[in-house]
1. Work out how much length residue 147 to residue 47 would gain on full extension: take 0.36 nm times their residue separation and subtract the Cα-Cα distance, in nm to one decimal.
2. Neighbouring Cβ atoms within 10 Å as the yardstick, rank 78, 153 fewest first.
3. To make sure I understand, if each residue's beta carbon is the centre and we count other beta carbons within 10 Å, what order do 160, 5 fall in, fewest to most?
4. How big is the convex hull of the Cα atoms of the range 11-80, per residue, in Å³?
5. Can you give me the Kirkwood hydrodynamic radius for the range 11-153, using every pair of distinct Cα atoms, in Å to one decimal?
6. Explain nothing, just the number: relative contact order of the range 11-153, from Cα pairs under 8 Å at least 6 residues apart, as a whole percent.
7. Order these by the 10 Å Cβ neighbour count, fewest first: 51, 15.
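Each reported figure results from applying straightforward, stated rules to the coordinates on display, with no laboratory input. Computed from a predicted structure; not experimentally measured. Cβ: placed from backbone, ideal geometry, glycine included. Neighbour counts: every protein chain shown.
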Ligand SMILES: [Zn+2]
Ligand SMILES: [Zn+2]
């Protein structure tokens, strides 16, 4: 078996971990790790670091670490940059794949790993998936650039925080005013139909003449609804 070859600072050869442990001090922005591993999630990292420790106990390894950094995300209200500070701690029990310990910890095949258990292969611990997962979990689903972000002008789309855009302010519910008018109009129609009801017999006479059949029966049905 070839000795395992670590790729990058997040991979550690188990046999090289001393009894005192292996300190982890990784700049995750170096070598473009964050860009490659978190592609499309957050483009502008200002700082992203991992500090931690890997220790060995028998066949198992323990990782504990703290990920800190800051990143510019998108404000979910005005779409401008919104700064987010990430600061999270994690622990993992790392078990060699296919061992009794892995089975006991529910990580037999890696398919149903416990949240704080991860497997490793061939004497090489790869913390990259762990670190990636921790960062993704820490990022907020929605973020505001500031608590009272006024958002975008609904008419021209400019951020309101940039100052007056010149659009005439209209009530927020303006879109529904047409619907309100419609409801009022319906009520007016019903009232008019009810008032028109006494005229129905006259229309019946017209009915017999054979003219305006359709409109007469229509006004009759409206008159019925109106009652
Ligand atoms: Zn905003
Ligand atoms: Zn505007």
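1. Numbers: separation 100, 0.36 × 100 = 36.00 nm, distance 2.32 nm.
Here the segment from residue 147 to residue 47 would lengthen by 33.7 nm.
2. On the way: 78 21, 153 17.
Taking fewest neighbouring Cβ atoms as first place, the list is 153, 78.
3. Values: 160 16, 5 9.
Least crowded to most crowded, the residues run 5, 160.
4. Values: hull volume 7.5 nm³, N = 70.
So the per-residue Cα hull volume is 108 Å³.
5. Details: mean 1/r = 0.0600 Å⁻¹.
Value: 16.7 Å, from the Cα pair sum.
6. Details: 265 pairs, mean separation 32.2, N = 143.
Once normalised by length, the contact order is 23 percent.
7. Numbers: 51 14, 15 11.
Going from sparsest to densest Cβ surroundings: 15, 51.
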